[in-house]
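What follows is a short report on a single structure.
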Amino acid sequence: MKSMKGYVSKIRVLKMAKIPLVRFSLDGVNCLIAAHSLNFLADVDEGMQIVVAGEYNSRKQFVVRKYSVIGKTKIMIEFENTKKLRYYIYN
């Protein structure tokens with residue numbers, strides 16, 4: 001299994017099914033993720049830095065098996081922003 005580190009761009013959902021197929025670019029490399037793709041969409045936004053592990057397929061696309069966000073995930077950032085918003089509304 002190979003690993004890569006980089007910045008995410010061009011997140012697209014290719015196929016909506018029970019397990020969605022998501023495509024994204026990681027520093028110019030085309031990547032696909034099916035396993036844990038819903039978690040990926042909740043955790044990762046464009047411009048975030050991540051580490052991925054997986055293998056290349058016959059079309060030279062990197063098929064992601066595992067990923068990890070470096071820093072805060074999208075959900076964590078949104079949660080902190082809503083906490084701040086509630087604080088300003090009630091104070």
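The values are calculated or read from the model by the stated rules, or taken from the named source; none is laboratory data. Just so we're clear, the structure is a prediction, and the values are computed from it rather than from any experiment. Quick reminder, even Gly has a Cβ in these numbers, built from the backbone with ideal geometry, and neighbours come from all protein chains shown. Quick note on the areas: whole protein, heavy atoms, side chains included, nothing else; ligands and nucleic acids left out. Shrake-Rupley method; radii C 1.70, N 1.55, O 1.52, S 1.80 Å.
In the range 64-84, the residues that are among the hydroxyl-bearing types (Ser, Thr, Tyr) reach residues that are in a helix (DSSP H, G or I) and open to solvent by less than 60 Å² (accessible area, probe 1.4 Å) with C-beta atoms within less than 6 angstrom, at least six apart or across chains, in these pairs: 73/43. Does residue 50 satisfy being among the β-branched types (Val, Ile, Thr), open to solvent by 70 Å² or more (accessible area, probe 1.4 Å) and not in a loop (DSSP other than H, G, I, E, B)? No, not satisfied.
Yes/no matrix, rows are residues, columns are (1) open to solvent by less than 50 Å² (accessible area, probe 1.4 Å); (2) in contact with a Leu (Cβ under 8 Å, 6 or more places away or on another chain):
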residue	(1), (2)
34	yes, yes
38	no, no
43	yes, no
54	yes, no
71	no, no
78	no, no
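When the residues of the range 4-24 are filtered to those that are farther than 19 Å from residue 71 by Cβ and surrounded by 15 or more Cβ atoms within 10 Å (Cβ to Cβ), the one that is modelled with the lowest pLDDT is 20.
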